[in-house]
1. Which condition number in (1) loosely packed, with under 15 Cβ neighbours inside 10 Å; (2) of a type in the set (A, V, I, L, M); (3) out of contact with any strand residue (DSSP E or B) (no Cβ under 6 Å at 6 or more places or on another chain) is the one that Val123 fails?
2. Please go through (1) touching an Asp or Glu at 6+ places or on another chain (Cβ under 6 Å); (2) closer than 19 Å to Met55 by Cβ; (3) of a type in the set (Lys, Arg) for Lys226 and return the number of the only condition it doesn't satisfy.
3. For segment 203-216, indicate whether the set of residues that are under 30 Å from Ile44 (Cβ atoms) and either assigned by TED's automatic domain parsing to the domain that holds Ser88 or touching a strand residue (DSSP E or B) at 6+ places or on another chain (Cβ under 7 Å) (or both) is non-empty.
4. Any chance you could count how many residues in segment 156-178 are closer than 24 Å to Val74 by Cβ, part of a strand (DSSP E or B) and in contact with a strand residue (DSSP E or B) (Cβ under 9 Å, 6 or more places away or on another chain)?
5. For segment 156-172, give me the residue count where each residue is under 26 Å from Thr12 (Cα atoms) and either small (Gly, Ala, Ser) or in contact (Cβ under 8 Å) with a residue 60 or more places away in the chain (or both).
6. When you scan segment 26-55, how many residues do you find that are within 16 Å of the chain's Cα centre (by Cα) and acidic (Asp, Glu)?
7. Scan Val36, Val48 and give me the residue that is buried (at least 17 other Cβ atoms within 10 Å of the Cβ), at pLDDT 90 or above and in a helix (DSSP H, G or I).
8. Among the residues of segment 115-152, write down those that are part of a loop (DSSP other than H, G, I, E, B) and of a type in the set (Gly, Ala, Ser).
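The values are calculated or read from the model by the stated rules, or taken from the named source; none is laboratory data. In this text, all values refer to a predicted model and were calculated from it rather than measured experimentally. All Cβ positions, glycine included, derive from the backbone under ideal geometry; neighbour counts span all protein chains shown.
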Amino acid sequence: MIHLNTKRKELTNQQFILAENQIKQRQLYNDKVIVVFDDFHNGIIGIVAAKITEMYKKPSIVISTTGIGSARSVNGSGFSIINVINNSSELLKKYGGHQAAAGLSITPKEKQIHQFRTAILQVSENEVFNTPALTYIRKMEIQNFYDELFESITYLEPYGINIPKPLFYSDSKRIPSTTVFGTNSEHMKLTYRKNEAIAFNKGSLSHVISRNRPVHALYSTFCNKKKNFLIHSLKVE
């Protein structure tokens, strides 16, 4: 079981990198719902969708080249992914699910996927999205986060509804170095000694952090190409 779980995690990371490359290249992170279509493994598309939603804080739909799709919404946001799919279902063969997660089947052709994505983005504008409340379980500086704890949290994946990934709080007086990225420098990477954290849509704070002001962050672990951290909320004094 441990061996199978390890292989599943390796495949999930590979598939997530495939999705992430498409999201970055096509700037899909600007969409209200992120829809990706590629050669994904049908057995883990739900996990990949959950990781996309976790990283970008947006609902996501992952569709494989066989036409099988899996969707996830943001827990606590009130955004109903099944409502959006139901109102964009003309191109679907079948679908089902609930507010937080859904599955679907579609003809796997670029034209069909493009039309479906367009319909999803149109109807999603009418769907309520509330920024969910965040609760952390422990205060721990990012630079002090130790490998054993990172491994333990990763070992318990996948997280999901009613089993959220634990958040930590850092109010480090040690000022991290920063690097912005993205087409318009909208995202930021923060480096705390050997540990790196990604903050999406927080690139504008980079110049403020460089003025040696304390940084408060709510963050979680995130394993992709390497071990790093994902910033969920960031505040600079």
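1. Here Val123 meets the rest and fails (1).
2. All conditions pass for Lys226, except number (1).
3. Filtering segment 203-216 down to residues under 30 Å from Ile44 (Cβ atoms) leaves none.
For segment 203-216, residues under 30 Å from Ile44 (Cβ atoms) and either assigned by TED's automatic domain parsing to the domain that holds Ser88 or touching a strand residue (DSSP E or B) at 6+ places or on another chain (Cβ under 7 Å) (or both): absent.
4. Applying the first criterion (closer than 24 Å to Val74 by Cβ) to segment 156-178 yields 156-170.
Restricting the remaining residues to those that are part of a strand (DSSP E or B) gives 160, 163, 168-170.
Restricting the remaining residues to those that are in contact with a strand residue (DSSP E or B) (Cβ under 9 Å, 6 or more places away or on another chain) gives 160, 168-170.
Number satisfying all stated conditions: 4.
5. Just the residues of segment 156-172 that are under 26 Å from Thr12 (Cα atoms), to begin with: 156-168.
Okay, now just the ones that are also either small (Gly, Ala, Ser) or in contact (Cβ under 8 Å) with a residue 60 or more places away in the chain (or both), so 157-161, 164-165, 167.
So the count comes out to 8.
6. Matching residues across segment 26-55 total 2.
7. Numbers: Val36 fails: in a helix (DSSP H, G or I).
On inspection, the qualifying residue turns out to be Val48.
8. Of segment 115-152, the ones part of a loop (DSSP other than H, G, I, E, B) are 125-137, 140-141, 145-146.
Within segment 115-152, just Ala133 meets the criteria.
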